[in-house]
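The values are calculated or read from the model by the stated rules, or taken from the named source; none is laboratory data. This is a predicted model, so every value here is computed, not measured. Neighbour counts are summed over all protein chains in view; Cβ atoms, including those assigned to glycine, are modelled from backbone coordinates with ideal geometry. Accessible surface is based on the protein model in full, side chains and every heavy atom, while ligands, DNA and RNA are left aside. Shrake-Rupley method; radii C 1.70, N 1.55, O 1.52, S 1.80 Å.
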Amino acid sequence: MTDSQAPAAALGTNPLAAAPAGARTAADVVTPEVVAQLTRDVVGSGRTANHTPFTGEKLADLPESTPEDVATAFERARAAQPLWAAIPVRRRAAILLRFHDLVLERQAEVLDLIQLETGKARLHAHEEVLAVAIAARHYGRKAASYLRPKRRTGAIPTLTKVTELRQPRGVVGQIAPWNYPFELSIGDALPAFVSGNAVVMKPDTETALTALWARDLLVEAGLPPEVFQVVLGEGPVVGPEIVKHADYVSFTGSTRTGREVAQGAAARLIGVSLELGGKNAMLVLEDADVEKAAAGAVRACFSSAGQLCISIERLYVHESIADDFVARFAARTKAMRLGTSLAYGADMGSLVGERQLENVKRHVEEAVAKGATLVAGGVARPDIGPLFFEPTILDGVEAPMAVCAEETFGPVVSIYRFTDEDEVVAQANATAYGLNSSVWTKNGKRGHAIAARLRTGTVNINEGYAPAYGSVQAPMGGMKESGLGRRHGSEGILKYTEAQTVAHQRLIPMAPSFGMDDEQYAAFMSISLKALKVLRFR
């Protein structure tokens, strides 16, 4: 932290800002004062804890919520929501713009927390800061436009005045994952708040401090604390309670759990948005810049140790450049620096938990046992930390190896060679998932043509994932088993609203009038419809 960082004016002292500069440790960052401040409003009657992947040590004791605690959190949020929704949208949006500034000013605090809770390298943690700031700016500027009343053509032009309104759903239940605890918690909550909803959030317990820091900062920016409730606990216990009480559910996580969330929401006839798994493909065409593609593959495959829903796990390279590409990609991968420092410099951090490590090991060991070749990596690095695994490239992968079709969610990518464009598009689409993909070519027109044939919610040309995700005016989400709904853009905010049509009929009724009988009225309306078609009314 730096001496120039401003104290938390709305909250009194800022214990996070007191951490010493230079080489910081978990004990420096996560002090009892920090934990007490961040957890003071959590609705929980039990106790649980979270840990840092860097060492496995406990970071903090945290409140744990029971089903009764979840019900209490929803009661509080529901009581506060009408007053919040009554505030003009531009005033709500101004809070997001203040939050944007605070995030950038105090980013060092949350970078430390993200690293300690997820184990990721600092540059990868910084991606979350960028994503949240961009979303806050976008919805801070555009929310009023997205939500404003819109005039629509009425049944009888000039006589039927129609307005489309957007009403908040009420209390949004949000279940956020561990892999991007800042962006996938607060980043998704911002459009819900600015559209007039309250939120009850369940962040993953192991990354709860990051989400709670974001809540503190948003309250400092002006958000009424009652409209943002946080509950903590085991997913199978707390998750169904979120679905049980919410007016709308936002979920990011595995496809298996997403199905359970969708079933629970369907039983209550409430809306749901789901961002789920991916087995994302990168296509390197024969005319690609091989050096740039190799450098881009490192970013696409190994950011956040591959624990990114939109990261690349399948790499298709044209046969004519495959040897050159693999050599360059492998050299860059082998040169990557793994580390635990709360500072910039490491190229990759740790996996987040033992389950992730075991899944990565299983995929790599099975593939090698069945004939795949290790081009780089392939081994755990307990000398660095208990959950570190080297960035790994596999060649010669083929079905039925698990790594072919199953989501690894770790620093592992498989190389496949191709010669025909139609063939590689078919191979890229031959998966149950459809979240993200990447195309590398010097021919922009060709890249766009191939992108349109890929069955994924986002496609990046000459980059792995960041351009599409960072373009927040455009929708982001998955096709097929990668999810339902979209975040970002108009869809990312309107999903948190109910459309309401208000039709004002003037002068004459929608019924026989002026002495017409039923038959005359029907004939008159039929002639009118034909005339409206000729006049090109919509």
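Can you report the number of residues in the range 470-488 which are under 13 Å from the mean Cα position of the chain (by Cα) and under 17 Å from residue 274 (Cβ atoms)?
The number of residues fulfilling the criteria is 11.
Can you spot a residue in the range 372-387 that is part of a loop (DSSP other than H, G, I, E, B), surrounded by fewer than 23 Cβ atoms within 10 Å (Cβ to Cβ) and of a type in the set (Val, Ile, Thr)?
Within the range 372-387 (the criterion being part of a loop (DSSP other than H, G, I, E, B), surrounded by fewer than 23 Cβ atoms within 10 Å (Cβ to Cβ) and of a type in the set (Val, Ile, Thr)), the answer is yes, since at least one residue qualifies.
For residues that are assigned to a loop (DSSP other than H, G, I, E, B) and of a type in the set (Asp, Glu), scanning just the range 401-435, find the one that is surrounded by the fewest Cβ atoms within 10 Å (Cβ to Cβ).
So in the range 401-435, the residues assigned to a loop (DSSP other than H, G, I, E, B) come out as 401, 406-411, 419-420, 430-432, 435.
Narrowing the set further to residues that are of a type in the set (Asp, Glu) leaves 406-407, 420.
Values: 406: 14, 407: 23, 420: 11.
Checking each candidate, the answer is 420.
Looking at the range 96-107, I want the residues that are closer than 21 Å to residue 493 by Cα and have a partner that is open to solvent by 40 Å² or more (accessible area, probe 1.4 Å) and among the basic types (Lys, Arg) with Cβ atoms under 8 Å, at least 6 apart or on another chain. Which pairs are those?
That search, which allows pairs on different chains as well, returns 96/137; 97/137; 97/141; 100/137.
Cβ contacts < 7 Å: first residue farther than 15 Å from residue 155 by Cβ and in contact (Cβ under 8 Å) with a residue 40 or more places away in the chain, restricted to the range 508-519; second residue assigned to a loop (DSSP other than H, G, I, E, B) and of a type in the set (A, V, I, L, M, F, W, C), any location; separation 6+ or different chain. Result?
Partner pairs satisfying both residue conditions: none exist.
Scan the range 494-509 for residues that are surrounded by 14 or more Cβ atoms within 10 Å (Cβ to Cβ) and more than 46 Å from the chain's Cα centre (by Cα) and jot them down. So that I can check it myself, show each step before the final result.
Filtering the range 494-509 down to residues surrounded by 14 or more Cβ atoms within 10 Å (Cβ to Cβ) leaves 494-498, 505.
Within the range 494-509, no residue meets the criteria.
What helices (runs of 4 or more DSSP H), lying completely within the range 436-538, carry at least 3 residues that are under 30 Å from residue 247 (Cβ atoms)?
Values: elements: 444-451, 466-470, 489-494, 518-534.
Output list reads 466-470, 489-494.
Residues checked against (1) in contact (Cβ under 8 Å) with a residue 60 or more places away in the chain; (2) open to solvent by 50 Å² or more (accessible area, probe 1.4 Å); (3) among the charged types (D, E, K, R); (4) in contact with a helix residue (DSSP H, G or I) (Cβ under 9 Å, 6 or more places away or on another chain):
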| site | (1), (2), (3), (4) |
| --- | --- |
| 227 | yes, no, no, yes |
| 255 | yes, no, no, no |
| 264 | no, no, no, yes |
| 276 | yes, no, no, yes |
| 283 | yes, no, no, yes |
| 294 | no, no, no, yes |
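Tally time: how many residues in the range 21-38 are in a loop (DSSP other than H, G, I, E, B), of a type in the set (A, V, I, L, M, F, W, C) and touching a residue at least 60 places away in the same chain (Cβ under 8 Å)? Spell out the reasoning first.
Applying the first criterion (in a loop (DSSP other than H, G, I, E, B)) to the range 21-38 yields 21-25, 30-31.
Now restrict to residues that are of a type in the set (A, V, I, L, M, F, W, C): 21, 23, 30.
Subsequent filtering for residues that are touching a residue at least 60 places away in the same chain (Cβ under 8 Å) retains 23, 30.
Adding up the residues that qualify gives 2.
Among the residues in the range 39-52, are any in a helix (DSSP H, G or I) and either aromatic (Phe, Trp, Tyr) or at pLDDT below 50 (or both)? Show your work before the answer.
So in the range 39-52, the residues in a helix (DSSP H, G or I) come out as 39.
Narrowing the set further to residues that are either aromatic (Phe, Trp, Tyr) or at pLDDT below 50 (or both) leaves none.
Checked the range 39-52: no residue is in a helix (DSSP H, G or I) and either aromatic (Phe, Trp, Tyr) or at pLDDT below 50 (or both).
Condition check: of a type in the set (Gly, Ala, Ser) and farther than 23 Å from residue 456 by Cβ. Does residue 350 satisfy that? Talk me through it step by step, then tell me what you get.
Numbers: of a type in the set (Gly, Ala, Ser): yes; farther than 23 Å from residue 456 by Cβ: yes.
Answer is yes for this residue.
Quick check: anything in the range 193-206 without any contact (Cβ under 8 Å) to a residue 60 or more places away in the chain, part of a helix (DSSP H, G or I) and either touching a Lys or Arg at 6+ places or on another chain (Cβ under 6 Å) or open to solvent by less than 10 Å² (accessible area, probe 1.4 Å) (or both)?
no
Mind checking which residues of the range 321-337 are open to solvent by 40 Å² or more (accessible area, probe 1.4 Å) and either under 26 Å from the mean Cα position of the chain (by Cα) or more than 16 Å from residue 305 (Cα to Cα) (or both)? Before you say what the answer is, go through the steps one by one.
In the first step, residues of the range 321-337 are kept if they are open to solvent by 40 Å² or more (accessible area, probe 1.4 Å); the result is 323-324, 327-328, 331-332, 334-335, 337.
Residues satisfying the conditions are 323, 324, 327, 328, 331.
When both residues are 6+ apart or on different chains and their Cβ atoms are under 8 Å apart, which pairs have a first residue that lies in the range 361-389 and is over 9 Å from residue 401 (Cα atoms) and aliphatic (A, V, I, L, M), and a second that is open to solvent by 70 Å² or more (accessible area, probe 1.4 Å) and assigned to a helix (DSSP H, G or I)?
Qualifying pairs under 8 Å: 376/334; 387/354.
Quick check on the range 78-134: of everything there that is among the small types (Gly, Ala, Ser) and part of a loop (DSSP other than H, G, I, E, B), which residue is most open to solvent (accessible area, probe 1.4 Å)? Let's see the steps before the verdict.
In the first step, residues of the range 78-134 are kept if they are among the small types (Gly, Ala, Ser); the result is 79-80, 85-86, 93-94, 108, 119, 121, 125, 131, 133.
The next check asks that each one be part of a loop (DSSP other than H, G, I, E, B); those that pass are 86, 119, 121.
Values: 86: 78, 119: 0, 121: 2 Å².
Taking the candidates together, the pick is 86.
For residues in the range 339-371 being over 25 Å from the mean Cα position of the chain (by Cα), among the aliphatic types (A, V, I, L, M) and open to solvent by 30 Å² or more (accessible area, probe 1.4 Å), which is farthest from residue 110 (Cα to Cα)? Please lay out each step first, then the result.
Narrowing the range 339-371 to residues over 25 Å from the mean Cα position of the chain (by Cα): 339, 341, 345, 361-371.
Okay, now just the ones that are also among the aliphatic types (A, V, I, L, M), so 364, 367-369.
Restricting the remaining residues to those that are open to solvent by 30 Å² or more (accessible area, probe 1.4 Å) gives 368-369.
On the way: 368: 39, 369: 42 Å.
Ranking the candidates gives 369 first.
Residue 140 passes all but one of (1) surrounded by fewer than 24 Cβ atoms within 10 Å (Cβ to Cβ); (2) within 17 Å of the chain's Cα centre (by Cα); (3) not in a loop (DSSP other than H, G, I, E, B); which number fails?
Answer for residue 140: the failing condition is (2).
I'm told residue 444 meets every condition in (1) of a type in the set (Gly, Ala, Ser); (2) open to solvent by 30 Å² or more (accessible area, probe 1.4 Å); (3) within 13 Å of residue 315 (Cα to Cα) except one. Can you identify the failing condition by its number?
Result: residue 444 fails condition (3) only.
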